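Here's the structure we're looking at; comments come further down.
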Amino acid sequence: MAKPAQGAKYRGSIHDFPDFDPSQDAEALYAAMKGFGSDKEAILELITSRSNRQRQEVSQSYKSLYGKDLIADLKYELTGKFERLIVGLMRPLAYCDAKEIKDAISGIGTDEKCLIEILASRTNEQIHQLVAAYKDAYERDLEADIIGDTSGHFQKMLVVLLQGTREEDDVVSEDLVQQDVQDLYEAGELKWGTDEAQFIYILGNRSKQHLRLVFDEYLKTTGKPIEASIRGELSGDFEKLMLAVVKCIRSTPEYFAERLFKAMKGLGTRDNTLIRIMVSRSELDMLDIREIFRTKYEKSLYSMIKNDTSGEYKKALLKLCGGDDDAAGQFFPEAAQVAYQMWELSAVARTELKGTVRPANDFNPDSDAKALRKAMKGIGTDEATIIDIITHRSNAQRQQIRQNFKSHFGRDLMADLKSELSGDLARLILGLMMPPAHYDAKQLKKAMEGAGTDEKALIEILATRTNAEIRAINEAYKEDYHKSLEDALSSDTSGHFRRILVSLATGNREEGGEDRDRAREDAQEIADTPSGDKTSLETRFMTILCTRSYPHLRRVFQEFIKMTNYDVEHTIKKEMSGDVRDAFVAIVQSVKNKPLFFADKLYKSMKGAGTDEKTLTRIMISRSEIDLLNIRREFVEKYDMSLHQAIEGDTSGDFLKALLAVCGGED
């Protein structure tokens, strides 16, 4: 069993089995595989109850008693994912890693994600053992094989990591921290092009303690996390590798919690990733991974494995997991601290919001107006020209084109576009042509007209817009529909939901920073409401969530975690229901991370059977000049696929082309 560092607490889920007898275990395994069929239950129960060191002794005893190789017999008797898992557990960790890397670089193509995961996360000692195990098992040099199968800066960083020479001194030089911050800043943000060698040298060699301080200072100096600079300056597998290194420097358990979540979410399970992590971390930090998993995803690792796998494979994985955690949303004390620290980091970060649509250089509204007229004149319509012009101009530039179109041709550009285009493409192009406040006003009007109300659209718009945006929407609504937005909301909704929407529609949210004392009072206010007192709870939440500033609410959420060991979002989901719950959850998610909120909405609009084109179109239009680039980054980070790929796989024709132009690129 892996031994914790001097004075450290063991955080694995697998322990040495008491009263261990390797010969007895070898006999039990032989009996389980003897005759017709095999007793899989007995095999999994025994192997998952022994530490890796004990399994090696069982393997030795098996060979001594029966003159046979235990792993070979297990491979013969078992099949599929269950076989891969059990055989993985039977190998020493270094040999297990060596086998994974060999598989990753053998045959056609390379499994870069596997290489990244292993080499970015292992300690110096584990790397040295891996290199030796690879040499022993395959009589080949691991570095030479990696060089033969990879290229460029990605290859160089892998080779640096393979040396296993990361500094391990906990004594940190403040001067060197400042120098490294400056070097990284000059190598990326301040340089035309990027000096990748500096990133490789610093991130590949400095100690974890040193780099954590570098990351903190980098954030203070530049106003952005190191991850944002890496995404902006690097690309491809090299970018993914460097981001993995940074994540492991910050918290290796959090890196693996995220990998496990991504392995199981959505359609299908990435079983190779799931098996590799569950095997390799079971005697190292599985308890830490479990805590962080629940903190980040509000469900236990155990429950996700249980719902995502089946049969003996599931039973074996659950044994490695080591137990289910308390109800989702409630944190371990340690995990509550992790959540608190995550809030601290997000509160300090000054994320630069960026859209994907920017003003066109050498803009000529006269020329654009003529080109659009030509594209719509005569028989047929030149959709390609319309898409190209409208998606590559800012909204302000589009308004100038509208004016010039009317001046030149005495025609209304919007009316002409409406008559020439149809369906989803028409909705997208016409939406892009409207000033943002008038577009939002129209979306709110459509959400309330006819039979039924589109509460999700009302929530999405009113819960996420700034005070200035809300005030502009009110003016546009009055101008376009000769009725106040408040009156429209009041006549179309009811109860607490109406009160929430009307409150948000005033655009009077406070705009200052946080007030720690008041934040504690606010957190206490909502924490003190008796469970079951729904009316009082909703009123208290509304008073705080609809009026306090975003920075202040972030502090309230932190204080709430400290007081209750619960995340405020979980409390809302548990205690409330219907539209009121959905509105409060949207506000909380928007406060936590607005680009991620929209990334989730976009993902849901495209996943499963059918596409919610209205939501997809609305978000792509409304965020295109605000934070769509940030949304793209959150999308790829959470869903392991780019927004570009998702749109490409879910839409078609000219609508697809226009959406991709607004999306602004592949990540």
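Some notes on this structure:
- Largest to smallest accessible area among 538, 83, 479 [probe 1.4 Å]: 479, 83, 538
- Point-to-point label distance, residue 17-residue 110, nm (Cα→Cβ direction, 7 Å offset): 4.0 nm
- Descending semi-axes in whole angstrom, ellipsoid equivalent of region 488-568, from the Cα gyration tensor: 24, 17, 8
- Packing around the peptides 503-513, 431-441, taken as the average count of other Cβ atoms within 10 Å per residue, puts them in this order, highest first: 431-441, 503-513.
- Contour minus Cα-Cα distance for residue 179 and residue 445 (0.36 nm per residue): 90.2 nm
- Here residue 121 sits with roughly 10 square angstrom of accessible surface, probe radius 1.4 Å.
- Axis of helix 653-663 versus longest Cα principal axis of the chain: the two differ by about 80°, to the nearest ten degrees.
- The phi-based Karplus calculation (6.51 cos²θ - 1.76 cosθ + 1.60; θ = phi - 60°) puts the 3J(HN,Hα) values of region 85-95 at 5, 5, 5, x, 5, 7, 8, x, 3, 4, 6 Hz, whole numbers, x for Gly and Pro.
- Applying 1/(1 + (r/R0)^6) with r as the Cβ-Cβ distance of residue 41 and residue 136 and R0 = 35 angstrom yields a FRET efficiency of 0.55.
- Peptide packing for 358-364, 401-407, 655-661 was compared via the average number of neighbouring C-beta atoms within 10 Å per residue; ordered from the highest value, the list is 655-661, 401-407, 358-364.
- A 1.4 Å probe, protein heavy atoms only, puts the accessible area of residue 370 near 100 Å².
- Estimated distance in nm for a label pair at residue 577 and residue 396, the labels positioned 7 Å out from Cα along Cα-to-Cβ: 5.0 nm
- Here's the list of aspartates and glutamates a cross-link from residue 113 could span, going by alpha-carbon distance under 13 Å and ignoring same-chain residues fewer than 8 apart: 100, 103, 237, 239, 640.
- Ignoring aspartates and glutamates fewer than eight residues from residue 446 along the same chain, the ones with Cα atoms less than 14 angstrom from its Cα are 454, 455, 460, 480, 492.
- Extension gain from residue 195 to residue 415, taking 0.36 nm per residue of separation minus the Cα-Cα distance: 74.1 nm
- Computed from the C-beta positions of residue 31 and residue 64, the FRET efficiency with R₀ = 22 Å rounds to 0.85.
- Taking each of 296/594; 135/314; 406/456; 314/594 in turn, the alpha-carbon distance tops 26 angstrom for 135/314; 406/456; 314/594.
- Ratio Rg/Rh [Cα only; Rh per Kirkwood] for the chain: 1.02
- Probe 1.4 Å - accessible area at residue 128, Å² to nearest ten: 90 Å²
- In this rough spin-label picture, where each label sits 7 Å from Cα along the Cβ direction, the residue 75-residue 483 distance is 7.3 nm.
- Applying a threshold of 20 Å to the alpha-carbon distances of 99/156; 220/262; 562/601; 208/247; 40/306 flags 99/156; 220/262; 562/601 as lying beyond it.
- Structure-based [θ]222 nm, the chain - -39500 (n - 2.57) summed over DSSP H runs of at least 4, per residue, nearest 500: -22000 deg cm²/dmol
- Cross-link partners of residue 34 among lysines, defined as those whose alpha carbon lies under 23 angstrom from its own and excluding same-chain residues fewer than eight positions apart: 63, 68, 75, 81, 315.
- Relative contact order, percent, region 64-201 [alpha-carbon distance under 8 Å, six or more residues apart]: 18 percent
- Paramagnetic reach from residue 10 in region 281-298 [backbone N under 17 Å; point 7 Å along Cα→Cβ]: 281-289
- Estimated at 0.36 nm per residue, the fully extended path between residue 388 and residue 170 surpasses their Cα-Cα distance by 73.0 nm.
The values are calculated or read from the model by the stated rules, or taken from the named source; none is laboratory data. Note that the coordinates shown come from a computational prediction; the quantities given were computed from them, not determined experimentally. A quick note on method: Cβ atoms are made from the backbone with ideal geometry, for glycine too, and the neighbour counts reach across all protein chains shown. These accessible areas exclude ligands, DNA and RNA; they are computed on the full protein's heavy atoms, side chains included. Shrake-Rupley method; radii C 1.70, N 1.55, O 1.52, S 1.80 Å.
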